[in-house]
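J.: Quick one: this structure, given as structure tokens, is what I'll be asking you about.
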Amino acid sequence: MSKEKIAIAYSGGLDTSVMIKWLKDRYDADIVAVTGNLGQQKEIENLEEKAMATGATSFSFLDLRKVFVEEYIQPALKAGALYEDVYPLATALGRPLLAKALVDVALENDCTMLAHGCTGKGNDQVRFEVTFASLAPHLKVLAPLREWEFTSREAEIAYARKHDIPVSATRKNPYSIDENIWGISIECGVLEDPMIPPPEDAYQITTSPEKAPDTAGVVDIEFVQGVPVALDGKKMDGLDIIMALNKLGAAHGVGRLDMVENRVVGIKSREIYEAPAAVILHFAHRELERLTLEKTVFQYKRNVGQDYANLIYNGTWFSPMREALDGFVEATQKNVTGLVRVKLFKGSVSLLGRTSPWSLYNEELATYTEADTFNHKAAEGFIHLYGLGLKTYSEVQAKNKV
Ligand code: ARG
């Protein structure tokens, strides 16, 4: 009888390397290792070799960058999804896509089990497993980190040595880092004290604002229906735009975020993020919405953006709620087309200008010059009726006062 197969979300790091051997022995199973490329720069060399040397039966490397940009990042950008007003959700958006890719490979290869390398106190286990449950509820889910015997990194390294598992860096990085094209999440070490400012070495890509150039960077970003399509007049695809803005923003120290956030599992955690492109694009997109969205839509959409961010953070990407919110967001983006000029300077992003064929800004109505076409006289009647309810209320209060 052939062995059962386990599909594992493999990153090439210590945990998932140790996991291959540990699961193989424990379940006497074949291991199908899967790595998704979401634009991470580290630990992607020689992955196949490493996975096979560690004991995997097969290895797949999937380039998910384009799908990530078009089907995950862009909808989140259009929605204005910033978790608790700050976090652009890089890690959180990547998880459902990685989980889906793992499920696809598992089904193609007749796997009966899925495994991930998330810990028992984070959000990522929730995101993986909720996605598994919605896409392939019949597959058994294994989370070795929640149950195995290793209580420290050193214990895992000792196990790896004993079993000839190649691990790249045995030197301990003081931080836990998760990286993709939409941003980098940095945790642990001294960052666990929310009163301590992040040491410079915590940052992976951004220049410190103090050391950033004395000359500002200026960039024109064009959007069509809420999607960025060109930089400085040059049409580019979504992935190239994000890569270019990550580079430019990082050079100007833009995109550093430091927040205490509310995790799904009930704890607060202190997180450092670097997300230059995400910070710049969310800023520019929102400025364009200020110009082009009708007042009630603009004001209501803020709530939708928060709900959308919560849904991504909480791991319910594959849900009817997301589809419903996408419907609303999509309808709002019809006229979010135009150009935003932003300035990047020593860690900050600011606005230089915005223009759109769908602009609702009407200079003749707004001006205080001779060109004014606003009907000042109409204001009197309007205010009379608009304030009538409060006037009545106030009169009744006064009459009944003892
Ligand atoms: N707090 C962030 C989130 O929940 C970042 C998590 C980082 N994940 C990691 N495996 N290091 O999305």
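What follows draws every value from the coordinates through simple rules; no lab data is involved. Everything numeric in this text was worked out from a predicted model, so none of it was measured. Cβ: placed from backbone, ideal geometry, glycine included. Neighbour counts: every protein chain shown.
Every residue, every condition in (1) crowded, with 22+ Cβ neighbours inside 10 Å; (2) among the hydroxyl-bearing types (Ser, Thr, Tyr), yes or no:
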residue: 200; (1), (2): no, no
residue: 205; (1), (2): no, no
residue: 208; (1), (2): no, yes
residue: 223; (1), (2): yes, no
residue: 240; (1), (2): no, no
residue: 253; (1), (2): yes, no
residue: 269; (1), (2): no, yes
residue: 276; (1), (2): yes, no
residue: 286; (1), (2): no, no
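J.: Between a residue in segment 353-375 that is on the phi < 0 side of the Ramachandran plot and free of Cβ contacts under 8 Å to residues at least 24 places away in the same chain and any residue that is aromatic (Phe, Trp, Tyr) and assigned to a loop (DSSP other than H, G, I, E, B), which pairs come within a Cβ distance under 6 Å, given they are 6 or more apart or on different chains?
T.: That search, which allows pairs on different chains as well, returns 365/374.
J.: In addition: Scan (1) more than 21 Å from residue 75 (Cβ to Cβ); (2) assigned to a helix (DSSP H, G or I); (3) within 15 Å of the ligand (Cβ to nearest atom) for the single condition residue 278 breaks and write down its number.
T.: Unmet for residue 278, out of (1) more than 21 Å from residue 75 (Cβ to Cβ); (2) assigned to a helix (DSSP H, G or I); (3) within 15 Å of the ligand (Cβ to nearest atom): (1).
J.: Out of the residues in segment 122-141 that are within 16 Å of the ligand (Cβ to nearest atom) and of a type outside the set (A, V, I, L, M), state the one that is surrounded by the most Cβ atoms within 10 Å (Cβ to Cβ).
T.: Ranking the qualifying residues of segment 122-141, first place goes to 127.
J.: Which strands (runs of 3 or more DSSP E) sit wholly inside segment 150-250 and have at least 3 residues that are more than 16 Å from the ligand (Cβ to nearest atom) and under 24 Å from residue 64 (Cβ atoms)?
T.: Where strands (runs of 3 or more DSSP E) fall fully within segment 150-250 and carry at least 3 residues being more than 16 Å from the ligand (Cβ to nearest atom) and under 24 Å from residue 64 (Cβ atoms), they are 227-231.
J.: Still on this structure, please answer the following. State which residue is nearest to the ligand (Cβ to nearest atom) when the search covers only segment 55-106 and only residues that are at positive phi and in contact with a Lys or Arg (Cβ under 7 Å, 6 or more places away or on another chain).
T.: 80
J.: Is segment 161-181 home to any residue that is out of contact with any Lys or Arg (no Cβ under 8 Å at 6 or more places or on another chain), small (Gly, Ala, Ser) and surrounded by 15 or more Cβ atoms within 10 Å (Cβ to Cβ)?
T.: no
J.: Quick one: residue 314 ticks every box in (1) surrounded by 19 or more Cβ atoms within 10 Å (Cβ to Cβ); (2) polar (S, T, N, Q); (3) closer than 18 Å to residue 87 by Cβ bar one, so which box is it?
T.: (1)
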